[in-house]
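In what follows, a single structure is set out as structure tokens and then discussed.
The values are calculated or read from the model by the stated rules, or taken from the named source; none is laboratory data. As the structure is a prediction and not an experimental result, all values here were calculated from the model. We place every Cβ from the backbone using ideal geometry, glycine too, and count neighbours over all the protein chains shown.
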Amino acid sequence: MLALVIVPGAGAAIAFDGGRHSWPIAEGVVGDLARRIEAELRPRWIVWDRATSTQLLHDGVRVSKCWDIAAVQRLLVGGWRTDPARVWAELHGLPAELPVVAEVDLFTVAVDDPDPDEPVRADGYLKPEWLERDFAWTSARLVRWAELAAQTAALQIDALARVVDRRRAPSIARAESAAELLCAELSNDGLPMDREAAEDIVSSFVGPRPRTEAEAAEMRRRRDTEVLRHASMPNCDLRNPAQVKSLLRSIGVELPDTRARSLESVRDSHPLVDALLEWRKAERIATTFGYAWLDEHLGGDGRLRGTWTACDGAAGRMTASAGLHNMPAQLRPAVIAERDHVFVRADLGQIEPRILASVSGDRALAAATQRDDMYAPVAEQLGVDRATAKVAVLGAMYGQTTGHGAAALRGLEKAYPVAMRYLDEADRSGQVGRDVRTDGGRLVRMAFTGRGEPGDRESRSRAAAQGRYGRNAMVQGAAAEFFKVWAVTVRSRAGAFDARIVLCLHDELLVHVPSRHGQQVADLLEQCLAEAARHWARDESVRFVADVSVIERWSDSKS
DNA sequence: TGCGGCTATTG
DNA sequence: CACAATAGCCGCAG
């Protein structure tokens, strides 16, 4: 483990052996030095947060392993406030009211710090001025800062071992850290996308690229007219749901809302409905996934870039902006591998119920995971058809209590009591605002604001919603952890084939690979899945499956 | 100008 | 419209 701190404009420092040995580094040589250390020693780099990894990436250094203090802290205590001062205070059990930099005004005088190179105060807190933008860094202070990072990482290892199985804790923290490296790389590298193909698709929905604002308005007006010509409300604003409701009423269609689902149910009653649904599709492309989107996010190098987050606020899934996680299926044919490259795409099959079987330790449900389609044995067990079994299992994980799955839910309770109790326990925690911790040790905060008088209808429905949130967080969160272990395992092995992960999508990986290595990387993804399962799961009772294919366009895979 | 509501897309 | 997310536009309050 080797701690590295970089303060742009001030310099850098490294520390190892828990901070007992340390050196300052001139800022100009950080990249070269880090590259040589990485090549010769392959250390686990301790960093305060992703900024250091991103800085290295900009210097052209890709490190293989790290301990990201902020990422591990989010795992340990949840939330987003993971600056060094807070992390340090939390690890030392100090009260959450952090000291702030004292204002110097007419009534106070600046007190000289007797030990200005020491970041820790007598009361144990970090000095807040060390976190200020204009802090007067010196090489002595940078060195102490690196030593402190090394000490902090050591404290986290102990803290983690107290909340997760001691054997599994380090690998989970390392995966969360490596996920930060992966996210830095995904943000930097982008997703290959063919601009011409993308513009052709956009054009097929909204017409050619308008050259002026007036032209754009004219095209918008023409699209509106295609719908409005079916009725006699020429000034109706199709972007206003209330007015659309009136429009529908004027043609004799009464609906509670104007969502696509509702509209589809009355599709045959009037030609306007069909036109409106078509209009919605085009409008979506025009406003969100159109020329403006391409101009903003698709670089001249044919890479679509967004900002990647390694864990979201809820349960720790990865998120991405710029439409990388919700790109309409119609645009995916434009995601094309570069010359002499292919994509290897892999998605985990039925990941959430398999995760539930694993984390709950339900032996009967684990037995069902031995099958490629685990809903089939569940259906047999429950004496219902497959579709019903699937709805029931998903309903149990999401907290559905009404509808078609409700009856089968009672069957689930009988057949898989261990798994159902696990979900129920999380549900109760959520309802009363008690934090839950996922199997991998992520704390999911449940302290919601404003629980009203218990008993009234509003507060009961809010409690139920919080219960569903808690129930789902345990499954979705554990699935996210497992996915990250898989992804970072692939990341570390893919380099041998000059392959890079270019997209992570909750249960799906897209890897960009030189064509000659396509099949080898496809095999690699399967191997990494088995390896991830061995590292992440408590035992080997649950089988995980993936669908892997070698393709040229993202849209080429069957499923 | 910021925020909740509505709607869309995705896993 | 079960769970999660990002994102755009509208109306309304300040």
Are any residues in region A:396-425 in contact with a Lys or Arg (Cβ under 7 Å, 6 or more places away or on another chain) and more than 11 Å from DNA strand C (Cβ to nearest atom), and if so, which ones? A:LEU423
If you check A:ALA494, A:ALA530, A:ALA522, which single one turns out to be free of Cβ contacts under 8 Å to residues at least 40 places away in the same chain and either within 15 Å of the chain's Cα centre (by Cα) or within 24 Å of A:ARG303 (Cβ to Cβ) (or both)? A:ALA494
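Residues that are farther than 21 Å from A:LEU304 by Cβ and within 25 Å of the chain's Cα centre (by Cα): which helices (runs of 4 or more DSSP H) entirely in region A:165-240 hold 3 or more of them?
Values: elements: A:169-189, A:195-206, A:213-228.
The qualifying helices (runs of 4 or more DSSP H) are A:169-189.
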Taking A:GLN400 and the conditions (1) closer than 21 Å to A:GLY470 by Cα; (2) over 25 Å from the mean Cα position of the chain (by Cα), which numbered condition does it fall short on, given that it satisfies the others? (2)
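Scan region A:291-337 for residues that are more than 9 Å from DNA strand C (Cβ to nearest atom), over 18 Å from the mean Cα position of the chain (by Cα) and either surrounded by 16 or more Cβ atoms within 10 Å (Cβ to Cβ) or modelled with pLDDT under 95 (or both) and report the count. So that I can check it myself, show each step before the final result.
So the first thing to find is which residues in region A:291-337 are more than 9 Å from DNA strand C (Cβ to nearest atom), and the list is A:291, A:294-295, A:298-305, A:308, A:310-311, A:316, A:318, A:327-337.
With over 18 Å from the mean Cα position of the chain (by Cα) added as a condition, the list becomes A:291, A:294-295, A:298-303, A:328-337.
Still in the running and either surrounded by 16 or more Cβ atoms within 10 Å (Cβ to Cβ) or modelled with pLDDT under 95 (or both): A:291, A:294, A:298, A:302-303, A:330-337.
Number of matching residues: 13.
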Restricting the first residue to region A:251-280 and requiring it to be of a type in the set (D, E, K, R), which pairs with a second residue that is surrounded by fewer than 14 Cβ atoms within 10 Å (Cβ to Cβ) meet a Cβ separation below 7 Å and a spacing of at least six or different chains? A:ASP274/A:ARG267; A:ARG280/A:ALA260
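Which strands (runs of 3 or more DSSP E) does region A:15-120 wholly contain that include 1 or more residues that are in contact (Cβ under 8 Å) with a residue 60 or more places away in the chain and of a type in the set (S, T, N, Q)?
Values: elements: A:21-25, A:44-47, A:65-68.
Hits in region A:15-120: A:21-25.
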Please go through (1) within 16 Å of DNA strand C (Cβ to nearest atom); (2) within 30 Å of A:GLN520 (Cβ to Cβ) for A:SER461 and return the number of the only condition it doesn't satisfy. (2)
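Name the helices (runs of 4 or more DSSP H) wholly inside region A:368-483 in which the number of residues that are touching a strand residue (DSSP E or B) at 6+ places or on another chain (Cβ under 8 Å) is 1 or more. Give the steps one after another, and end with the answer.
Values: elements: A:375-382, A:386-398, A:405-415, A:417-431.
Answer list for region A:368-483: A:417-431.
Only one of A:SER262, A:SER250 is within 13 Å of DNA strand C (Cβ to nearest atom) and surrounded by 12 or more Cβ atoms within 10 Å (Cβ to Cβ); which? Even if it seems obvious, please write down each step before you answer.
Details: A:SER250 fails: within 13 Å of DNA strand C (Cβ to nearest atom).
Going through A:SER262, A:SER250 in turn, just one is within 13 Å of DNA strand C (Cβ to nearest atom) and surrounded by 12 or more Cβ atoms within 10 Å (Cβ to Cβ): A:SER262.
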List the pairs whose first member sits in region A:282-299 and is assigned to a helix (DSSP H, G or I), whose second member is among the aromatic types (Phe, Trp, Tyr) and within 13 Å of DNA strand B (Cβ to nearest atom), and whose Cβ atoms are under 8 Å apart, counting only residues at least 6 apart or on separate chains? A:ALA282/A:PHE205; A:ILE285/A:PHE205; A:ALA286/A:PHE205
Positions within region A:375-422 being closer than 24 Å to A:PHE544 by Cα and within 16 Å of DNA strand B (Cβ to nearest atom), in sequence order: A:LYS390, A:VAL391, A:VAL393, A:LEU394, A:GLY395, A:ALA396, A:MET397, A:TYR398, A:GLY399
